[in-house]
1. Is there any pair with a first residue in the stretch A:100-111 that is in contact (Cβ under 8 Å) with a residue 60 or more places away in the chain and under 16 Å from A:R55 (Cα atoms) and a second that is charged (D, E, K, R) and surrounded by 16 or more Cβ atoms within 10 Å (Cβ to Cβ) whose Cβ atoms are under 6 Å apart and which are 6 or more apart or on different chains, and what are they?
2. Go over the candidates A:R33, A:R55, A:R71 one by one and state the one that is in contact with a helix residue (DSSP H, G or I) (Cβ under 7 Å, 6 or more places away or on another chain) and either at pLDDT below 90 or outside the structural domain of A:I114 (by TED's automatic domain parsing) (or both).
3. Being in the same structural domain as A:I27 (by TED's automatic domain parsing) and of a type in the set (G, A, S) narrows it down to one of A:A167, A:A109, so name that one.
4. Answer with yes or no whether B:I130 is in a loop (DSSP other than H, G, I, E, B), facing chain A (nearest Cβ under 10 Å) and modelled with pLDDT under 95.
5. Identify all residues within the stretch B:140-185 that are touching a residue at least 60 places away in the same chain (Cβ under 8 Å) and either on the phi > 0 side of the Ramachandran plot or not aliphatic (A, V, I, L, M) (or both); write none if there are none.
6. Every residue in the stretch A:375-417 that is β-branched (V, I, T), more than 15 Å from A:E481 (Cα to Cα) and under 30 Å from the mean Cα position of the chain (by Cα), please.
7. Looking at A:N150 and the list (1) at pLDDT 90 or above; (2) touching a Lys or Arg at 6+ places or on another chain (Cβ under 6 Å), which single condition is not satisfied?
8. Suppose we keep only residues that are under 20 Å from B:R172 (Cβ atoms) and in contact (Cβ under 8 Å) with a residue 40 or more places away in the chain within the stretch B:52-74. Which one would you say is surrounded by the fewest Cβ atoms within 10 Å (Cβ to Cβ)?
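The values are calculated or read from the model by the stated rules, or taken from the named source; none is laboratory data. Keep in mind that this is a model prediction, so the values were computed, not measured. With ideal geometry, Cβ positions are generated from the backbone for all residues, glycine too; neighbour counts draw on all protein chains shown.
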Amino acid sequence: MYCICGCEKVGVFMQEQYPPVCAAVDIGSNTIRIVIAKCMPDHLDILAADEAMVRIGESVNTDGMISSEKRKKTLTVLRRYKALTRSYNTSHFFVIATEAIRKAQNKDAFIAEIKDAIGVPVAIIDGNIEAALMFYGVTYTVAQDAHVPNSVGVMDLGGGSTEFVLARKGHITGSTSLPIGSGWIHDRYFTADPPTAVDMDTASTFLQTFLAGIPIKRFPKLCLVTGGTANVLLHLAQKALRLSTERVTLTRDEVLRCEGLLCSLSSREIAERYQIDEKRARVLIGGVLIIHAVMDRYHIAEIQVSEHGIREGVLIAYARYGENWLEAVRQQMQSGRKISPYVPGAEEPQEDFVQFGQQRIHERAEQMFGWRNDVLAQQDNDIEPVHKMRVASRRLRALMDAYQSIGEPEAFKYAYRSVKKTADTLGNARDTDVMIATLRQQLEDIPEKGHPGILWLIDRLSCYRDQYQEELSAYIHELDERELMVALDASLAERDSQNGKS
Amino acid sequence: MAKAKVVENLHAHGSVEENAQVIVRTRMDEMYAWEEYVDNPYNVHELHNLRIAAKRLRYSLEIFQDVFPEQAAEIIKEVEQIQEELGSLHDKDVMIALIRLCLGGQDSGSGYEYALMSAPQKSGKLQFAIQPELVAQLLDPEAAPSAEQRQGLEFLLESLQHQREEMYTAFRQHWYQLKGKDFRQQVLSMLKI
């Protein structure tokens, strides 16, 4: 079995009898967190962890600077953490900073201030390094699970940025860092506590548009989400929805129910009822909206929340690569999008037939739905959107025809029927459009003697086409994109054996 | 329209290339299964099925184009042309059927209309390509064509039949041109099928 991180099993401390105790602090946009652990290349024995909500991002979002109040609070927290590291006799103490510090105009002065205060340099890491470290930190705990699917997606929802990492068979295949986070959404879109319906609509519309443009086309079914927001959301769901405290997963429905709760109660009420830090409760809704939008964008039915993240990633990276851990991670991320950096000498995994099909089916379905609004708008009697959506539906159907024998029978049948009905419904409109266009061409090509007949036929066909548009619009409007996408995903699920040959 | 054949002997976790070869082979066989009907211009139904099979072959080639040699692009072009030729032929067939329907319907009364309306319920060759709602629009007694319009329709019908003949000739010529260079075998060799 491979390690989900694709890690090099022999790390710098593998041979030592007692793993070193190290500490890592992550200065984020919302929180500052520390973890102290005995560090091994594929495991951390966590001795202590803590977090403090400082919301540096709040002042950076306001005027681009870290305010003196936030600087003071940060230094107080870091001094406390420094003391904590002493009590555990740590051999190494790492401090990293992410988005809020990255974009603060006075970051240089601030990190100098931190070094003076605690004697530790601060590494400001870029979004790609952040993504890689987060991936290490989140996935090392699930590496031993025999049921981990080949494809894993990790999302680190921070206060000022959100990182996505996609991996297949332990190799990172793509990552991206988005400059939006729970605090950012809150500061930019929410005018009241709880937010108004208009605030929610505006933020949701922004997120839908923003996510539609990001380069990740498809997200694996196993979606691990980390970051303070995700963990507090899980806590809220456990308390408010009476979920087991053992549960680490949240369905889309549960996320929506929590969103409803956060829209109905003020952050103070949320904090009091569910024992959540009030500052955290205030920005939570921003993060929940992002999770909701991502689940909708990628048709994710369930997320798995991880309490680990970038701090654990720093410690794992240090255990694997030693003193030059940051440079090692940077080099790996710089080597390109499709990299296989974690097992030296290993070949990049080849996409198999099912994986190829999953990817293409998803892309083609998205192309088909991409024309939906244009078909419904039917502007200036433009016949192209119907044609384009029909072609996309036929291409999708042709792809499904190719994969039929290895599909999951029930899901496949449902999805296929739906795609076929869509193609047929659009086809009927398109055929009439073509007939009308052909007849218009005939007006130019044949003598006038034939024109009265042609014009009569165009009139009859146009009456039918106008009448049919209502039926077409109703069908396209009712077509449940999410349901079909879920069925399409399920119709070619990854599994060990197939109806054909495995 | 004939259903797409279910492609057997696929390896779910095998390479894309190896499976793509099996799929394209199946679609090629499907297309050539209609070859015997190419010489009769009045095999409307079979020529339509040949067109659908060509479209499936083209889509399959496009899906897996990246795993085939570069020459696959040329094959796709040829198949696309066949598909378009047959597509234009089919459009003319539908239009001719539509005009015959209009002229016949006006001449033959409700019995003819009933027969047309019930045709979509039938299967296979008996199935008519025109929706019942469209038939109702065309045979609406309140919008019946005038004598001048009928004359125009007759003229259009004649013109379309002539155009169809030319299209069929062009398609058949192309088909035999491909046959002359053993296109089928060329494709199989090029794609290593």
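1. As it stands, the answer is A:I101/A:K107, since those pairs meet every condition given.
2. Working: A:R33 fails: either at pLDDT below 90 or outside the structural domain of A:I114 (by TED's automatic domain parsing) (or both); A:R71 fails: either at pLDDT below 90 or outside the structural domain of A:I114 (by TED's automatic domain parsing) (or both).
Of A:R33, A:R55, A:R71, the one residue that is in contact with a helix residue (DSSP H, G or I) (Cβ under 7 Å, 6 or more places away or on another chain) and either at pLDDT below 90 or outside the structural domain of A:I114 (by TED's automatic domain parsing) (or both) is A:R55.
3. Details: A:A167 fails: in the same structural domain as A:I27 (by TED's automatic domain parsing).
Among A:A167, A:A109, only A:A109 is in the same structural domain as A:I27 (by TED's automatic domain parsing) and of a type in the set (G, A, S).
4. Considered against the rule, which asks whether it is in a loop (DSSP other than H, G, I, E, B), facing chain A (nearest Cβ under 10 Å) and modelled with pLDDT under 95, B:I130 comes out as yes.
5. Looking only at the stretch B:140-185, we keep the residues that are touching a residue at least 60 places away in the same chain (Cβ under 8 Å), and these are B:157, B:160-161, B:163-165, B:167-168, B:170-172, B:174-175, B:178, B:183-184.
Correct list: B:Q161, B:Q163, B:R164, B:E165, B:Y168, B:F171, B:R172, B:H174, B:W175, B:F183, B:R184.
6. Pass one, the stretch A:375-417, residues β-branched (V, I, T): A:375, A:383, A:386, A:391, A:406.
Filter once more, so that each one left must be more than 15 Å from A:E481 (Cα to Cα): A:383, A:386, A:391, A:406.
A:V391, A:I406 - these are the residues of the stretch A:375-417 that are β-branched (V, I, T), more than 15 Å from A:E481 (Cα to Cα) and under 30 Å from the mean Cα position of the chain (by Cα).
7. (1)
8. B:I52
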